[in-house]
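Here is the structure we will look at, set down as structure tokens.
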Amino acid sequence: MRVMNDALRPAATLIAALALATAASCGARRGLEPARTGAGRAQAQADAGGDAESGAPLRQDAPREPSTPAQASTRAGAAPAMWRNDAIPGDELDARAIEAAGALVLEEMLVERALRTELARRELAVDDAAIAREETMAREALSADPSRAEQLLQSLRASQGLGALRWKSLLWRNAALRALARSQSSVGEAEIATAYDLRHGPRRAARIIVLPDLASVQSAMDRLGAGQSFSDVASAMSTDASRDRGGLVSPISRLDPTWPATVREALWTLEVGSSSAPVLVDDGYVIVRCEAEIPGDGVTPDAARSDSERTARLAVDRVEMDRILREVVRGLDPTIFDRPLEESWRRTRDTRRVP
């Protein structure tokens with residue numbers, strides 16, 4: 001069962017920004033409860049920053065015998081690496097690298113070119129200041145402590161293979177997507193109100209039971225009517241990941257767009273300690289129970305206006321940036337002359353989950 005994306009979650013992390021640059025790996029999240037950290041997958045896509053030069057044929061028809069330094073054939077005429085007295089041939093290294101990640105890097109480069117074309121068409125530009133702002137936002141999203149943010153950033157970059165070249169390109173791409181997004185989207189009072197509600201408004205602690213069909217709904221209602229606890233029925237019958245916690249989910253605000261409106265409406269009409277009738281959601285049903293109400297923090301809308309506007313602006317950016325990127329990725333259709341690269345591209349496209 002799929003719900004809306006985490007569009008207006010205030011803690012929009014760097015992982016979420018990286019996800020914008022990885023349309024190839026985006027897929028529907030299973031389960032009703034939204035991801036609360038914005039982490040999702042942290043697979044980064046960034047531009048490789050120029051044309052790659054292989055310098056040698058990449059096709060490997062048979063395993064290679066160990067090479068000596070004198071036998072090594074590389075892009076620069078010298079082995080790129082050596083183990084003891086055995087040189088690592090550059091052409092073989094290239095071939096394996098293309099097989100492992102050729103499609104990813106090619107897609108990065110193609111998307112960057114498509115974004116440059118679109119920027120030029122709209123007479124927009126990405127300057128150094130815009131790129132610097134993306135890096136600042138990335139660090140701030142990771143941690144308010146600069147030293148901790150740097151530590152987390154370096155760990156993330158290492159895990160995603162984001163060296164200096166790919167990191168700079170990722171920042172450029174996010175800046176380009178943001179420029180395009182802001183040229184065709186706006187923030188209204190509804191978005192600002194939602195941002196305020198998520199950050200400062202009251203929330204309700206809740207449990208849910210997600211069921212696939214009416215027969216399951218009837219069985220669950222019979223169990224609840226017989227006196228079984230909501231948490232026990234959720235653990236036994238719910239198809240949502242929250243079943244491992246007896247159906248307990250993160251507190252839900254009144255305007256939280258990551259939850260279906262019907263679920264929010266049902267939750268906010270309940271008395272504390274009561275359960276709803278089954279609610280139809282997508283291809284299943286939800287029974288929701290209100291456990292407690294958590295009051296807001298007392299900050300007024302006027303006092304939070306500036307922060308709410310910024311949060312809403314970033315949320316709208318994220319939605320529009322994701323839409324633009326998906327359109328770009330769907331339109332990629334390169335002519336590939338290198339066989340290993342073509343195989344990598346086809347293999348990746350065959351398993352792509354971009355709609």
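Taken together, the values in this text are just the output of simple stated rules run on the coordinates, not laboratory data. This one's a predicted model, so the numbers in the text were calculated from it and none came from an experiment. Here the Cβ is made from the backbone with ideal geometry for all residues, glycine too, and neighbour counts use every protein chain on show.
State the Kirkwood hydrodynamic radius of the stretch 202-294 in Å, one decimal place, computed from all pairs of distinct Cα atoms.
Details: mean 1/r = 0.0776 Å⁻¹.
One over the average 1/r among Cα pairs gives 12.9 Å for the stretch 202-294.
Rounded to whole Å and ordered largest first, report the semi-axes of the equivalent ellipsoid of the stretch 198-237 derived from its Cα gyration tensor (root of 5λ). Please report the intermediate quantities before stating the final value.
On the way: eigenvalues 133, 30, 13 Å².
Over the Cα atoms of the stretch 198-237, the ellipsoid semi-axes are 26, 12, 8 Å.
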Charge dipole of the stretch 233-355 built from unit charges on the beta carbon (Lys, Arg +1; Asp, Glu -1), centred at mean Cα; most positive-end Cα among Pro260, Thr239, Val288 is Thr239
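What ranking of Trp268, Trp83 emerges when the number of other C-beta atoms within 10 Å of each C-beta is taken as an exposure proxy, fewest first? Don't skip to the answer; put the middle values down first.
Details: Trp268 17, Trp83 8.
Least to most surrounded, the residues fall as Trp83, Trp268.
Roughly how big is the stretch 159-233's charge dipole about its Cα centre, with Cβ charges of +1 (Lys, Arg) and -1 (Asp, Glu), in debye to the nearest 20? Please report the intermediate quantities before stating the final value.
Numbers: 10 positive and 6 negative charges, 127 e Å.
That gives a dipole near 620 debye.
Which loop trypsin sites (Lys or Arg not before Pro) in the stretch 85-187, with loop taken from DSSP, have no more than 14 other Cβ atoms within 10 angstrom of their Cβ?
Numbers: sites: Arg96, Arg113, Arg116, Arg121, Arg122, Arg133, Arg139, Arg148, Arg157, Arg166, Lys168, Arg173, Arg178, Arg182; in loops: Arg122.
Taking the stretch 85-187 and a limit of 14 other Cβ atoms within 10 Å, the loop trypsin sites (Lys or Arg not before Pro) found are Arg122.
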Using alpha carbon centers only, the stretch 189-228 is separated from the stretch 267-337 by a whole-angstrom value of 14 Å
Taking N as the residue count of the stretch 154-215, its alpha carbon Rg divided by 2.2 N^0.38 Å gives 1.91
The Cα extents of the stretch 264-341 along the principal axes, largest first and rounded to whole Å, are 65, 40, 18
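Summing +1 for each Lys or Arg and -1 for each Asp or Glu, what net charge is found among the other residues whose Cβ lies under 14 Å from the Cβ of Arg139? If you can, show how the numbers build up before the last one.
Details: positive: Arg133, Arg148, Arg157; negative: Glu134, Glu135, Glu140, Asp145, Glu150.
Summing Lys and Arg as +1 and Asp and Glu as -1 gives -2.
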Cα gyration tensor of the stretch 88-245 diagonalised, 5x eigenvalues square-rooted, in angstrom largest first, produces semi-axes 44, 26, 19
Treating only Lys and Arg (+1) and Asp and Glu (-1) as charged, each at its beta carbon, one finds that the stretch 202-294 has a dipole about its Cα centre, in Debye to the nearest 20, of 240 debye
Whole-number value, in Å³ per residue, for the convex hull of the alpha carbons of the stretch 127-190 is 115 Å³
